[in-house]
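Have a look at the structure below before the remarks.
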Amino acid sequence: MKNETPKEHWDKIYATKQPSEVSWTQENPKTSLDFIHSFNLPKEASIIDIGGGDSRLVDRLIDEGYEDVTVLDISEQALKRAKDRLGDKAKKVNWVVADITEFKTEKTFDLWHDRATFHFMTTVDQINEYLERIKKNLKFNGFLTIGTFSENGPKKCSGLEIKQYSEQTLQDEFRNGFKKLKCIIEDHQTPFDTLQNFLFCSFRRQTRVD
């Protein structure tokens, strides 16, 4: 990513590569949906998908009748691809182009979902900025689902360094104000038939948002 900003890097990826050419593509985001369904949220619950890109999770959430869905990504190109795919259904979604470490909103959410964004936070400052935003914008008793590369997963993604996590080290990052509910390890099969080992954990917000 020499001389590129993160936004330029990701816009270029999404402008030049098809879903079959990037490792994170999932036809069916089953694990994310299983976690979301386990929370028994009402259809009017406010949901944000961090780093949602052109993930098909938003398609499924809209089809299941969720009424307040926000998708945030640093890449405008990624969100354009998702909007084009959804067609008229895209009008039911709040689309936000932003770096999560700079995201500002007064809105609070019942569910914060993140598959494979948090592990790009590789410095203490980035992690703290991320945590500051989730603590401000996730409601008291709200749910967090987060997926990262495990200790047995890749050390890079899309040419960028990532931070691997174990169940303990991920729990340590969210030790203040969150209660761990469940963690699983999962192999994600990429479109080019390689395996990436992921850690998924869910948490519940335990301290009130000031």
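The values are calculated or read from the model by the stated rules, or taken from the named source; none is laboratory data. These numbers come from a predicted model, not from an experiment. Don't worry about glycine lacking a Cβ; one is built from the backbone with ideal geometry, like all the others, and counts go over all protein chains shown.
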Residue list for the range 55-114, filter: touching a residue at least 60 places away in the same chain (Cβ under 8 Å) and among the hydroxyl-bearing types (S, T, Y): S55, S75, T108
Residue ID - nearest to K30 (Cα to Cα), chosen from residues in the range 66-84 that are touching a strand residue (DSSP E or B) at 6+ places or on another chain (Cβ under 6 Å) and in a helix (DSSP H, G or I): L79
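Scan the range 129-169 for residues that are among the charged types (D, E, K, R) and out of contact with any His (no Cβ under 9 Å at 6 or more places or on another chain) and jot them down.
Going through the range 129-169, the residues among the charged types (D, E, K, R) turn out to be 129, 132-133, 135-136, 139, 151, 155-156, 161, 163, 167.
The answer is E129, E132, R133, K135, K136, K139, E151, K155, K156, E161, E167.
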Hey, L111 hits all of (1) surrounded by fewer than 22 Cβ atoms within 10 Å (Cβ to Cβ); (2) not in a loop (DSSP other than H, G, I, E, B) but one; which does it fall short on? (1)
Which pairs have Cβ atoms under 8 Å, sit 6 or more apart or on different chains, and link a residue in the range 123-151 that is under 19 Å from F198 (Cβ atoms) and without any contact (Cβ under 8 Å) to a residue 40 or more places away in the chain to one that is outside any strand (DSSP E or B) and aromatic (F, W, Y)? Y130/F118
Taking G87 as the residue in question, decide whether it is at positive phi and in a helix (DSSP H, G or I). yes
Within the bounds of the range 47-69, is there any residue that is under 13 Å from the mean Cα position of the chain (by Cα) and closer than 21 Å to D172 by Cβ? yes
Determine if the range 121-131 includes at least one residue that is under 21 Å from K182 (Cα atoms), buried (at least 17 other Cβ atoms within 10 Å of the Cβ) and either in contact with a strand residue (DSSP E or B) (Cβ under 7 Å, 6 or more places away or on another chain) or among the polar types (S, T, N, Q) (or both). no
L138 vs. criteria surrounded by 17 or more Cβ atoms within 10 Å (Cβ to Cβ), under 20 Å from A98 (Cβ atoms) and touching a Phe, Trp or Tyr at 6+ places or on another chain (Cβ under 8 Å): yes
Of the residues in the range 117-161, those that are in a loop (DSSP other than H, G, I, E, B), over 30 Å from N40 (Cα atoms) and of a type in the set (V, I, T) number 2
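Taking the conditions exactly as written (of a type outside the set (A, V, I, L, M, F, W, C), closer than 16 Å to T145 by Cβ, modelled with pLDDT of 90 or more and in contact with a Ser or Thr (Cβ under 7 Å, 6 or more places away or on another chain)), does S38 satisfy them or not? First the steps, then the outcome.
Values: of a type outside the set (A, V, I, L, M, F, W, C): yes; closer than 16 Å to T145 by Cβ: yes; modelled with pLDDT of 90 or more: yes; in contact with a Ser or Thr (Cβ under 7 Å, 6 or more places away or on another chain): no.
Criteria not met by S38.
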